[in-house]
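Asker: Dropping the structure in here first, questions after.
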Amino acid sequence: MVTQYTSTRVTDGQRAILGFALGFVTMLAATHVFLVNSFDFENMQRGVRLLMAGVNPWDVATRIPNYYNPPHSIVFLWPMLITSPRLLLSVGTACLFAFTFYQRTWVALAWFATNTALWVIAAGGIDMLLIGGGLLLLIAGDRTYATKRGLALRVLAYGILLVKPQGGLFVAVLYVLSRRDWKGAGFSVLLFVLPFLPLYPSWIRVILLDPPLGQTEAAHTLWQAFGFPVAALIALGALTARKWQYWELGGALAGSLAPYGMVGIPSFLALTAVKSPKAIPVVVIWSAALAAITWVAPPEGVDYYDYLQPFMTVFHLSMFGLALTLACLAPDAEGSNLIAVSALVRRIMAQLSRERAG
């Protein structure tokens, strides 16, 4: 009797579900071991509560400190009124795990796991949920691009990503440009800008004149640390270094050109461009060594967080520097609708050469 074996192939969707479950359980356990910083969560919760009560939290007369999410964010952040930081961190981690499992970006996952306690639990924000959830919605909308369902998913993705415009804006804009999704962009303006238009002037004034406190103490982006000209030059080099997927280049540009940075996310997205498993030990050792730098004991009488900020600047910029370097040196991305500025430059230069020769 001959026994026949059939191979069972794990689909991308099944792998993503596995990653979501693993990420959720992992972070749920971690948040019961480590102390979760709820400072950012409570600030956002307070701002959402005021918006739902019809109060402008950015107006001079009713201004509250430390609330910087754009006006349309109430559409997506209202669950913060009925949930906890632990749950949002766990769901956010699940979204990033699902994305990494779907894309098989194990280098980025290795770095994430190395620094979970430091830049996720200590920050206590919702960056992972917004960027991870937004990327998953974009992928789903991309797979059904020509349908009404695909359009609806992409519009939702744009709205979620722009709750954190210092990182999500680059991803959303690059997707629109690479896919020419003018319809999705138009519906996003109709749904997320026009209904909240009276609030945007006061929000923009606060962003420009009263930036987030954390961004004035520690530099999280190249623009913050070295000025716009240097950051723009590095971003241009990254643009022309290789062919990119929109989320990979979005991370590279967010870590370079955002005036106010997101903790961790730009490095994570840039590292998704690195596919070779040989990079995993390099990333883990480098990030662990940088994390060790932040394990400092301040002198007596010195505030811990004031003393820590310069070390956090070294951590973020050095980690992003490695991520950007590895991403630029990695082979070109594969697939359709790639962003290939270098190929465009070569075509323009070749055309100019032909015109001069003629």
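Asker: Multiply the residue gap between ASP210 and TRP78 by 0.36 nm, knock off their C-alpha separation, and tell me the result in nm, one decimal place.
Answerer: 45.1 nm
Asker: Ranked highest first by average number of other Cβ atoms within 10 Å, how do 167-177, 43-53 line up?
Answerer: Per-residue mean Cβ counts within 10 Å order the peptides as 167-177, 43-53.
Asker: Hey, another quick one. What nm value, rounded to one decimal, do you get for the distance between PHE39 and LYS148 when each label is placed 7 Å out toward the C-beta?
Answerer: So the two model labels end up 4.7 nm from each other.
Asker: What is the ratio of the Cα radius of gyration of segment 68-150 to 2.2 N^0.38 Å, where N is its residue count, to two decimals? Walk me through the numbers before you get to the answer.
Answerer: Working: Rg = 14.3 Å, N = 83, 2.2 N^0.38 = 11.8 Å.
Compared with the compact-globule rule of thumb, segment 68-150 sits at 1.21.
Asker: Quick check: residue separation of TYR305 and LEU177 times 0.36 nm, minus the Cα distance between them. What number comes out in nm? Don't skip to the end; give the middle numbers.
Answerer: On the way: separation 128, 0.36 × 128 = 46.08 nm, distance 4.05 nm.
Full extension of this stretch gives 42.0 nm more.
Asker: Further question on the same structure: Pulled fully out, how much extra length does the chain show between VAL230 and SER336, if you take 0.36 nm times their separation in residues and subtract their Cα-Cα distance?
Answerer: Answer, rounded to one decimal: 35.0 nm.
Asker: Work through the residues other than ASP127 whose Cβ is under 10 Å from its Cβ and net out their charges, Lys, Arg +1 and Asp, Glu -1.
Answerer: Surrounding charge for ASP127 is 0.
Asker: Of the options GLN245, PRO266, LEU222, report the single residue whose Cα projects farthest towards the positive end of the charge dipole of segment 192-287 (beta-carbon charges: Lys, Arg +1; Asp, Glu -1).
Answerer: Of the candidates, GLN245 comes out farthest on the positive side.
Asker: Still on this structure, I have one more. If the cut-off is 29 Å between C-alpha atoms, which lysines fall inside it for LYS164, apart from same-chain ones fewer than 8 positions away?
Answerer: Cross-link targets: LYS148, LYS183, LYS243, LYS275.
Asker: Check LYS243: other-chain or 5+ apart residues with amide H under 5 Å from its amide H, H built from backbone geometry?
Answerer: Placed amide hydrogens put ASP332, ALA333 under 5 Å from LYS243.
Asker: Using a cut-off of under 20 Å, list every residue of segment 248-279 whose amide N is near the label point 7 Å from the Cα of THR294 along the Cα-to-beta-carbon line.
Answerer: Correct set: 251-252, 254-272.
Asker: Regarding segment 176-298, what whole-number volume in Å³ per residue does the convex hull of its Cα atoms give?
Answerer: Details: hull volume 19.3 nm³, N = 123.
In segment 176-298, the Cα hull volume divided by residue count equals 157 Å³.
Asker: At a temperature of 10 °C and a viscosity of 1.306 mPa s, determine how fast the chain diffuses translationally according to Stokes-Einstein, using the Kirkwood radius over alpha-carbon pairs as Rh; express D in µm²/s, rounded to the nearest whole number.
Answerer: The calculation lands on 74 µm²/s.
Asker: Rank these for me by crowding, HIS316, HIS72, HIS32, going from fewest to most other beta carbons within 10 Å. Intermediate results must be reported in sequence, preceding the final value.
Answerer: Details: HIS316 25, HIS72 22, HIS32 9.
In increasing order of surrounding Cβ atoms, one gets HIS32, HIS72, HIS316.
Asker: Okay, moving on. Setting aside same-chain residues fewer than 8 positions from LYS278, which lysines have a Cα under 20 Å from its Cα?
Answerer: none
Asker: While we're looking at this one, here's another question. Tally Lys/Arg at +1 and Asp/Glu at -1 over every other residue whose Cβ is under 15 Å from the Cβ of GLY167; what's the total?
Answerer: -2
Readers should treat all values here as calculations from the given coordinates under stated rules, not as data from a laboratory. Computed from a prediction, not measured in an experiment: that's the story for all the values here. Ideal geometry is used to build each Cβ from the backbone, glycine not excepted, and the neighbour counts take in all protein chains shown.
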